[in-house]
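To start, the structure itself, in structure tokens.
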Amino acid sequence: MSDIRHAIEAVRERINRACGIAGRNPAGVTLVAVTKTVDVSRVIEAIEAGVGDIGENYVQEAKGKREIIGSGRARWHMIGHIQSNKVKYIPALFDCVHTVDSSTVLDGLEGRGKPMDILFEVNLAGEATKSGTDVEGLRRILEKVSSLKHLRPLGLMTMPPYVEDPEEVRSVFRGLRETLEAMNGEFGLAMKELSMGMSSDFEVAVQEGATMVRIGAALFGERP
């Protein structure tokens, strides 16, 4: 068994255990393999080992990998900060965008005219070094949702502070779930996706309701 296949199985088993603790069905958690700086041959190996969702942070890197891998082999997720001058390239490369954090990005993607799934990035911890809007900013973005013709709002995404003990950020994950519930009620939406949890904390995120976990190091090893 290859190291990547073994790592995928180990992560899935950890997801299963976390779901067991929370009384959830593991089928409700999507493993998004984060492939930033990962060689394309290893990305292909992960796809062949059963990974169906690939997360990339940068437009140019995703473009290079997709040209080699081709279409139809995986669902591609944009999980990095979106620069306004890069919006025009995203619809051709990605199926789902996790990092809509402003009306400018929302309008830019909608204006491309391609049906896409989107999530809104919320910086619940208020870290100055992290992207994402606050809850009031999220409200301003969601006020535009009713006029969307091409984009499908699925849910929320967050990235908590890195900590040694993931229990320290459990409240952030719980807060995102509660924010999703509140925004659904306030705007009459039915968003269900919570993109939260990475290699260091995904089990706690799953226990708090994550439906998408973004895993890099636990699958491919630490980046240099």
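Some notes on this structure:
- Considering the conditions (1) buried (at least 18 other Cβ atoms within 10 Å of the Cβ); (2) hydrophobic (A, V, I, L, M, F, W, C); (3) more than 16 Å from the chain's Cα centre (by Cα); (4) over 19 Å from residue 84 (Cα atoms), residue 124 is excluded by exactly one of them, (3).
- Here is the figure for segment 29-67: residues that are without any contact (Cβ under 8 Å) to a residue 40 or more places away in the chain and either over 17 Å from residue 195 (Cα atoms) or of a type in the set (Val, Ile, Thr) (or both) total 18.
- In segment 118-153, the residues that are closer than 22 Å to residue 55 by Cβ and in a helix (DSSP H, G or I): 138, 141
- Residue 44 part of a helix (DSSP H, G or I), under 28 Å from residue 163 (Cβ atoms), at pLDDT 95 or above and not small (Gly, Ala, Ser): no
- Only one entry of 87, 105 meets the criterion of being in a helix (DSSP H, G or I), surrounded by 15 or more Cβ atoms within 10 Å (Cβ to Cβ), in contact with a Leu (Cβ under 7 Å, 6 or more places away or on another chain) and at pLDDT 95 or above, and that entry is 87.
- Among the residues of segment 3-41, those identified as part of a loop (DSSP other than H, G, I, E, B) and touching a helix residue (DSSP H, G or I) at 6+ places or on another chain (Cβ under 6 Å) are 29, 35, 38.
- Hits in segment 136-174 (condition: closer than 15 Å to residue 103 by Cβ and aliphatic (A, V, I, L, M)): 138, 141, 142, 145, 148, 151
- The residue of segment 193-224 that is nearest to residue 161 (Cα to Cα), among those that are among the small types (Gly, Ala, Ser) and within 14 Å of the chain's Cα centre (by Cα), is 197.
- Qualifying position, being out of contact with any strand residue (DSSP E or B) (no Cβ under 8 Å at 6 or more places or on another chain) and of a type in the set (Gly, Ala, Ser), among 111, 155, 132: 111
- Selected residue [at pLDDT 95 or above and within 18 Å of residue 21 (Cα to Cα)] from 179, 211: 211
- Residue in segment 11-28 that is farthest from residue 218 (Cα to Cα), counting only those that are in contact (Cβ under 8 Å) with a residue 60 or more places away in the chain and charged (D, E, K, R): 24
- The residues listed here are 197, 221, 185; of these, the one that is under 22 Å from residue 34 (Cα atoms), surrounded by fewer than 23 Cβ atoms within 10 Å (Cβ to Cβ) and of a type outside the set (Phe, Trp, Tyr) is 221.
- Of all residues in segment 146-160, none satisfies the criterion of being farther than 20 Å from residue 194 by Cβ, without any contact (Cβ under 8 Å) to a residue 40 or more places away in the chain and in contact with a Lys or Arg (Cβ under 7 Å, 6 or more places away or on another chain).
- Segment 72-81, subset within 12 Å of residue 62 (Cβ to Cβ) and in contact (Cβ under 8 Å) with a residue 24 or more places away in the chain, residue farthest from the chain's Cα centre (by Cα): 74
- Test: residue in segment 52-59 that is crowded, with 18+ Cβ neighbours inside 10 Å and part of a helix (DSSP H, G or I): yes
The values are calculated or read from the model by the stated rules, or taken from the named source; none is laboratory data. Being a predicted model, the structure only gives us computed values, none of them experimental. Note that we place each Cβ from the backbone using ideal geometry, even for glycine, and neighbour counts take in every protein chain shown.
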